[in-house]
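Below is one structure, written out as structure tokens; the observations come after it.
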Amino acid sequence: MNDAEEIKKRLNIVEVISGYVRLLPAGANKKALCPFHNEKSPSFTVNEEKQIFHCFGCGKGGDVFTFVQEMEGLGFREALKMLAERAGVELSGGDFKPRAGKKEAREVLKEALVFFEKTLTSPLGEEARAYLSFRKVSEKLIKEFRLGFAPAGWSGLTDYLASRGISAKEAEKSGLVLESPNRPGSFYDRFRARIMFPIFDGFDNPIGFSGRVLPGDDSKGGKYINTPQTDVYDKSQALYGLNLAKQKIKKKDFSLILEGNLDVVLSYKAGVKNAVASCGTAVTREQLKILRRYSNNVFFAFDNDEAGLKAAEKGLDLALEEGM
Ligand SMILES: [Zn+2]
């Protein structure tokens, strides 16, 4: 069995497609409004038994690879990589050799996400909840964006992970846990007393975090700190909110780049759901290339100050160079 066959065996096309469109039952099949052309009544069908899709409106059809290629604007090889990660298949052929730490790091990130969410709803998260509520971030939004809280202290996450059978050494690969420079073999949490904004890939898997200090706590490092470069997190390609925004970007045919994570959350609340933020960096060419999969049009809405104007100008230049 080759890689593609193995992946198809492990993934259900219905599950993959339902990550993009709302599928409704239609006899033995499922149907939806076609994501590839505009229509008012659904002519896009998915056949679970055969693991294929077909649109009677625009004629597009194929298997799970075709779907992801069309949807994400990827070549076959890239779609193969993306679905291999999702299926937990290690590709044997070609140039793709997943590093051993990658799968572990993904597991750590998933556990950490749950831990931060739980902590936010616990008594430890009281101050963070008060701040979010002050900023008009509702409980519904907290759930949708899966916001959390990293407790003060040095080992809340490290201890939790240990209780889940994950050693500090393994956890280090996720970028969430650090080894003490003075005491080798002793580890501590990178994010402490911070509101946690998880950053996801296109399949809603957490790849990293952005942590914001609580108000009045600005002495400890930056206002935001982010996951460092890891096997799964590449900041030049990470876009905050993309997992929730990408379908809207496609639909509205433009993306909106905002400065901060909280701006994205609040604009979502206001009904502007095609917004993303670059994760603590100036907008990069790679980020624009990702946005271009969904629409060629991009708008920048940055703060009206010197830094904001400069960043927007630089982003616009790059977008023009990319033909957007
Ligand atoms: Zn169609």
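We did not get these values from a lab; they are worked out from the coordinates using the rules stated. Just so it is clear, the structure is predicted and the values come from calculations on it, not from any experiment. Neighbour counts run over all protein chains shown; Cβ positions are idealised from the backbone, glycine included.
Residue by residue through the range 173-187, what is 3J(HN,Hα) from phi via Karplus (6.51 cos²θ - 1.76 cosθ + 1.60, θ = phi - 60°)? Round to whole Hz and write x for glycine and proline.
Those phi angles translate into 5, 7, x, 8, 10, 10, 8, 5, x, 8, 10, x, x, 10, 10 Hz.
Charges at C-beta only: +1 for Lys and Arg, -1 for Asp and Glu. How large is the resulting dipole of the chain about its Cα centre, in Debye rounded to 20?
In debye, rounded to 20, the chain gives about 640.
What is the log10 of I(q)/I(0) for the range 169-324, computed with the Debye formula using one identical point scatterer on each Cα and no solvent, at q = 0.09, 0.14 Å⁻¹?
After summing over all Cα pairs, the log10 values are -0.32, -0.73.
With a ≥ b ≥ c taken as the square roots of the eigenvalues of the C-alpha gyration tensor of the range 99-185, please select rounded if a/c is under 1.5 and otherwise prolate if a/b is larger than b/c or oblate if it is not?
Since a/c reaches 1.5 and a/b is larger than b/c, the shape of the range 99-185 is classed as prolate.
Please report, in whole Å³, the volume per residue of the convex hull around the C-alpha atoms of the range 22-83.
85
Could you calculate, for the range 212-304, the ratio of the Cα radius of gyration to the Kirkwood radius, expressed as Rg to Rh?
Expressed as Rg/Rh, it is 0.99.
Using Cα springs under 10 Å in a Gaussian network model of the chain, which residue among 92, 210, 167 shows the largest mean-square fluctuation?
Of 92, 210, 167, the most mobile in the Gaussian network model is 92.
Sorted by packing (mean other beta-carbon atoms within 10 Å per residue), highest first, where do 121-133, 288-300 land?
Descending packing order for the listed peptides: 288-300, 121-133.
For the chain, what log10 I(q)/I(0) values come out of the Debye formula at q = 0.11, 0.15 1/Å, with one point per alpha carbon and no solvent?
-0.78, -1.34
Could you give the distance between the Cα centres of the range 164-203 and the range 240-305, to the whole Å?
27
Compute the relative contact order of the chain as a whole-number percentage, counting only Cα pairs closer than 8 Å that sit 6 or more residues apart in sequence.
Answer for the chain is 11 percent.
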